[in-house]
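Q: Before we start, here is the structure in question, set down as structure tokens.
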Amino acid sequence: MELKRILVAINSPNGRDAAFERALALAKASAAELYLLHAVPVNQRFSFRAAERLERMGDMRARAEDAGVRVQTVEQHGDPAEIIELHAGARAVDLIVMGGEVRRGWRRRDRSLVAERVLRRTRVPTLVVPSAVSDSPAAFRNVLVALDLSPASKDVLEGAVGLTADEAVRLTAMHAVNEVEAAAAVQSAGWWVVPEPRPNVLADARHSLEAAVSAVPARINTYVQVSTGPAAPMILEHADDLDADLLVVGRNRGFKMLGSTALRVLLRNDRALLVIPSVADRRVERQRAA
């Protein structure tokens with residue numbers, strides 16, 4: 001993932017902001033331009049605490065300039081998710097960095113997380129940094145990448161390596177095999193006709209993962225993990241087991257309410273999460289920005 005312009009959505013005009021700290025570190029490392037965007041919610045007066053907000057944005061600009069990073073700052077009044085998507089498309093950014101808050105349970109119909117709504121709308125890779133994460137951007141040194149082994153997996157893995165190649169010490173690629181699919185393979189009718197004709201689902205998945213990570217630079221230690229069960233719970237379980245600093249998942253065009261692994265992980269995750277849309281979606285975004 002080549003970073004030339006990074007949009008960071010500022011959560012709060014007060015105190016430090018973990019998303020800004022991470023975006024600043026990435027911009028400095030990649031010589032990218034930083035685009036600071038603060039969306040004032042539509043249900044809040046634009047003038048409310050405007051002086052504090054401007055001072056905070058000014059401080060962030062100064063810190064970026066002191067770090068040698070090119071920077072722009074923008075404020076806009078309206079729906080935050082819509083504003084973030086609008087500016088990401090208009091500025092042809094390569095990455096969105098924003099805050100997020102973990103939500104437990106399923107009582108979520110009254111309102112939607114801004115991060116969730118952005119992921120539903122944008123075709124730009126998005127890094128969600130939970131507010132609970134330290135605002136001092138420690139390096140991503142332990143990365144878990146979930147691959148579905150579709151052709152899009154190559155882009156997900158490349159995106160993870162591109163974002164963390166100078167930092168990651170350990171990268172684990174994982175795949176969750178659907179238990180029903182695995183059982184169907186074992187119980188295939190062909191098994192009764194020819195000895196051992198059924199595919200070894202888990203072994204095949206492991207071989208595919210090993211082939212995928214063979215392209216990762218040698219300076220990164222790579223591991224593979226295959227599990228059986230629903231993808232999202234398995235991703236979260238392995239993240240806990242590994243104490244991962246960063247989770248990386250893909251997002252296909254069918255990003256539906258209950259059908260998306262990326263969405264399920266987002267709603268239950270309390271670690272940094274990079275969501276990479278499909279290449280088809282990103283081509284559409286570039287065409288719109290052109």
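The values are calculated or read from the model by the stated rules, or taken from the named source; none is laboratory data. It should be emphasised that the depicted structure is a prediction, and the values quoted were computed from it without experimental measurement. Heavy atoms of the whole protein, side chains included, go into the accessibility calculation; ligands, DNA and RNA do not. Shrake-Rupley method; radii C 1.70, N 1.55, O 1.52, S 1.80 Å.
Q: Could you give the length gained on full extension between Ala29 and Arg61, defined as 0.36 nm per residue of separation minus the Cα-Cα distance, in nm?
A: Taking 0.36 nm per residue and subtracting the Cα distance, the gain is 9.8 nm.
Q: A further question follows. Can you pull the accessible area of Ser47 for me, 1.4 Å probe, Å² to the nearest 10?
A: 80 Å²
Q: Once ligands and nucleic acids are excluded and a 1.4 Å probe is used, how much of Phe48 is accessible, expressed in Å² to the nearest 10?
A: Number for this one is 90 Å².
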